[in-house]
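Nothing in this text is a laboratory measurement; each read-out follows from the coordinates by a stated rule. Keep in mind the model is a prediction, meaning the values are calculated, not measured. Note: ideal-geometry Cβ built from the backbone for every residue, glycine included; neighbour counts use all protein chains shown.
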Amino acid sequence: MHWEDHLQVDDQQSQAGADALDLGSNWSRLVEIRCGFAELARRETEAAEARVAETRRQLDAQLAILISAQTAVDPRATRSAKEEAHRAFREAIGRATSRNQVELAAASWLAEINRVNGAVRAAQTRIQRERDTTDALAAELDRLTAIAEASRAMAESAVEACREAREALAATHGEAVVGAGDQSSMSAAAPISAPEVAQSAPARTRPSATPARAAIPRAAPAVGVRKVGAGEAGAPPAPAGRAAGAAPQLEESGAPVELRGPKPPTIVRLLQRDGATMSRLVDWLAGPDAEQRRRWQLCLSNFVDAVAATAIENGCFIFAAGNPFWDQLTVEEAREVARGLAALGFRYDGMGEFADGRVPGQHELSMALGQAGLLTVRVRHWPRPEEVARLYRYVRVDPIALLAEKAPSITMGELVLMLGRRAEVVADLWNDWPRARPLLLLPSRE
């Protein structure tokens, strides 16, 4: 072989090795980010469960205090004290020989009655105070339990993402070994470049979103791995939220519903909390029956609240333009960052603030960006501490995006799987679903 041919082969081998090294470094960095995030999510889950246990302990102690306060109030003792005061008054009247003595006996009797009534009022005030404290702790326990469950689910997803990234890294190393293992065959076959190896690794598909902002370059050619079933290569994924092996009775046939059109279905206006739409649905479902109207009003309100809470958990937000941090991300990237912040315990409260006043720092923002597969060194604008507290100031919940992603056909099966345990609070809706669904899909009125 001529020396120029040897030189060309050496150049090809060097280029292939450099490409494989670069790709391997990217995947190694992705594994570090994903697995580091999984560890942080695990710690947050443990902290959330510890908060649940501590609040449950406080609630048990508070219940004991409330029971003790209630037991201290004995109506029979109160009645006996008043009867004793009245008996003493009558005896004093019987012994009285002047008007002043009668007035003194009456004053003493009234003073004793006021003392007994004051003690009863003080005991009742204490009982009410202890009951309010007990109710607040019970509500806090419910909230922390829901947070712990969400943290546990996020931690499980993070562990799965870590595992997939490790598998992708191992597959990439395998490709590099195959490409560089046979030195003698390099002259007969073209070297495998890094872009070709990246295309050969199946990437986890993400819901399509129109990029409204300039994207930050990603840390690796792909941010995850989606496994495609046998015989389904190239096929689109099943609608998100539909679990494998779901009960057949939850499945309904139907094409995806147009949710963003000029005449969206009634369910869109309902989820946007339009009062006129709510009234029309109650009229259609309940008629003039007052009890049925109250039942359906409560059921539909619970449905709207359940969808909104699920949308918050899934990071389905609308990010208003004008915030320098969100403006440098695409819509889907911003949602991924919000999901990462939630996994670290920094959740959106649905009203423009961070829940419980927990505000992330730059380190937590960096971890959330890493979870989204973004290079933090390319972030042009890092918010100052006072700006971080206002990151969610003009962010709104987007329940329609949640429907489009997880329940595109608006079937009962999709909605039940989407809502999870929250579906239990709207059992009346599912019981009357054959009648309710056509009404929810009617074109809305302006």
Relative compactness, region 343-418, computed as alpha-carbon Rg over 2.2 N^0.38 Å
1.38
Residue separation between Ala53 and Arg294 times 0.36 nm, minus their alpha-carbon distance, gives in nm 83.1 nm
Cβ under 11 Å from Leu59's Cβ, Leu59 left aside: what net charge do those residues give with Lys, Arg +1 and Asp, Glu -1?
-3
Name the residues whose placed amide hydrogens come within less than 5 Å of the amide hydrogen of Ser444, ignoring near sequence neighbours (fewer than 5 apart) on the same chain.
Thr266
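Would you work out if region 39-151 is rounded, prolate or oblate? Take a ≥ b ≥ c from the square roots of the eigenvalues of the alpha-carbon gyration tensor; rounded if a/c is under 1.5, else prolate when a/b is larger than b/c, oblate otherwise. Could you put the intermediate results ahead of the total?
Working: a/c = 7.60, a/b = 5.44, b/c = 1.40.
Prolate shape, in that a/c is at least 1.5 and a/b is the bigger ratio.
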If each of Asp305 and Ser279 carries a label point 7 Å out from its Cα toward its Cβ, how far apart are those two points in nm?
2.2 nm
Near Ala136, within a Cβ-to-Cβ distance under 13 Å, what is the net charge of the other residues, with Lys and Arg +1 and Asp and Glu -1?
-2
With just the Cα atoms defining each centre, how far is region 331-370 from region 55-95? Give it in Å.
52 Å
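Translational D (Stokes-Einstein, µm²/s) of region 256-440 at 10 °C and 1.306 mPa s when Rh comes from the Kirkwood sum over C-alpha pairs?
D = 88 µm²/s.
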Under the 7 Å Cα-to-Cβ spin-label approximation, Glu32 and Arg76 lie apart by a distance in nanometres of 7.5 nm
Restricting everything to alpha-carbon atoms, can you work out Rg to Rh for region 99-174 with a Kirkwood hydrodynamic radius?
1.75
Extension gain Ala320-Thr133, at 0.36 nm per residue separation less the Cα-Cα distance, in nm?
63.4 nm
